[in-house]
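These notes concern the structure reproduced below.
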């Protein structure tokens with residue numbers, strides 16, 4: 001009877017993931033569940049689905065981008081993803097054949113991966129670039145290149161890491177325009193401090209392949225208020 005009750009409690013520990021990767025959401029669910037069977041993991045491919053489900057059945061933890069975490073004020077960031085010792089990555093504007101002139105951005109359309117929804121995403125991109133721009137949103141990473149291929153945008157906003165991958169995958173003459181812009185890698189946030197240990201144990205078991213898919217090679221315990229690293233693990237090397 002005690003075992004049944006314990007399993008029921010564990011099954012109620014929900015993790016929602018909105019962090020689009022190179023694989024389908026269901027496959028990412030399997031990757032995480034394989035290492036963390038005691039957690040009910042749901043991975044979303046669209047921000048609207050994530051937000052709707054978060055309102056209907058709030059999870060105990062969310063794994064997502066910093067702007068998404070900030071919108072969900074009831075959750076507290078406590079684990080930060082790192083890659084090559086950095087918690088942030090550079091972002092660039094990618095175009096075909098020639099670099100983008102920053103002074104002309106206001107007359108251009110920029111392709112972005114939609115992580116916030118229509119209006120919030122436009123505001124976020126305009127604020128981030130420091131100028132009001134038109135955007136074209138996609139929900140899948142692979143659709144970013146299609147925006148350029150079919151001439152639907154002047155450039156796409158992606159991480160340096162993603163640009164490097166696109167150059168290998170595509171025959172397009174892709175060119176990157178560097179920006180003075182960095183964004184956080186994946187962040188894990190919890191609703192209650194009581195569940196921190198459970199999710200720490202889970203992320204401590206994630207394998208190298210899963211972490212690579214999430215774009216990190218380390219996770220670190222952080223203090224959100226002071227933005228300091230309390231402890232770091234080379235978990236991906238296991």
field: Cα gyration tensor, the range 14-103 - rounded (a/c under 1.5), prolate or oblate
entry: prolate
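At 0.36 nm per residue, and after removing the present C-alpha to C-alpha distance, how many nm does the segment from residue 70 to residue 143 gain when stretched out fully? Spell out each step's value before the answer.
On the way: separation 73, 0.36 × 73 = 26.28 nm, distance 2.61 nm.
Full extension of this stretch gives 23.7 nm more.
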query: Which percent, nearest 5, of DSSP beta bridges in the range 88-183 are antiparallel?
result: 60 percent
statement: A correct fewest-to-most ranking of 94, 133, 175 by other Cβ atoms within 10 Å would be 175, 133, 94
query: Can you sort 38, 51 so the residue with the fewest Cβ neighbours within 10 Å comes first?
result: 38, 51
query: Which value in Å does the Kirkwood hydrodynamic radius of the range 70-141 take, with 1/r averaged over all unlike C-alpha pairs and then inverted?
result: 14.5 Å
- line: The alpha-carbon center of the range 152-198 and that of the range 70-118 are separated, in whole Å, by 6 Å
- request: For the chain, find the longest principal axis of its Cα atoms and tell me its angle to the long axis of helix 2-11, 0 to 90°, nearest 10.
  value: 10 degrees
query: Considering the zone a paramagnetic label at residue 12 would reach in this model (a point 7 Å from Cα along the Cα-to-Cβ line), which residues of the range 195-215 have amide N under 18 Å from it?
result: 195-199
task: Multiply the residue separation of residue 84 and residue 101 by 0.36 nm, subtract the distance between their alpha-carbon atoms, and state the gained length in nm to one decimal.
output: 3.1 nm
query: Does the range 88-183 come out rounded, prolate or oblate by the C-alpha gyration tensor, with a ≥ b ≥ c the root eigenvalues, rounded set by a/c under 1.5 and, if not, prolate when a/b is larger than b/c and oblate if not?
result: rounded
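Determine the calculated [θ] at 222 nm for the chain from helices alone, applying -39500 (n - 2.57) to every DSSP H run no shorter than 4 residues and normalising by the residue count; nearest 500 deg cm²/dmol. Walk me through the numbers on the way to the answer.
Working: 9 runs with 81 residues, N = 238.
After summing the helix terms and dividing by residue count, I get -9500 deg cm²/dmol.
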- prompt: log₁₀ I(q)/I(0) of the chain at q = 0.10, 0.12, 0.13 Å⁻¹, via Debye over equal Cα point scatterers, no solvent, to two decimals?
  reply: -0.49, -0.70, -0.82
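Got the relative contact order for the chain handy, in percent, Cα pairs under 8 Å and 6 or more residues apart? Write out the running numbers ahead of the final one.
Values: 427 pairs, mean separation 64.5, N = 238.
Reported relative contact order: 27 percent.
Using the count of nearby Cβ atoms within 10 Å as a rough guide to exposure, how do 148, 198, 15 rank from fewest to most? Intermediate values should be presented prior to the final figure.
On the way: 148 20, 198 17, 15 25.
Least crowded to most crowded, the residues run 198, 148, 15.
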- prompt: So what's the angle, to the nearest 10 degrees on a 0 to 90 scale, between helix 118-129 and the longest Cα principal axis of the chain?
  reply: 70 degrees
field: Förster radius 41 Å - calculated FRET efficiency between residue 171 and residue 38, Cβ distance, rounded to 0.05
entry: 0.35
- line: Between the Cα axis of helix 160-169 and the main Cα principal axis of the chain, the angle (0 to 90°, nearest 10) is 70 degrees
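Rounded to the nearest 0.05, what FRET efficiency do residue 160 and residue 55 give with R0 = 41 Å and r taken as the Cβ-Cβ distance? Could you check? Don't jump to the answer; show the numbers that get you there.
Numbers: r = 34 Å, r/R0 = 0.83.
Efficiency computed from Cβ-Cβ geometry: 0.75.
Every number here is computed from the coordinates shown, using simple stated rules; none is lab data. This structure is a prediction, so every number in the text was calculated from the model and none was measured. All Cβ positions, even for glycine, are placed from backbone atoms using ideal geometry, and neighbour counts span all protein chains on display.
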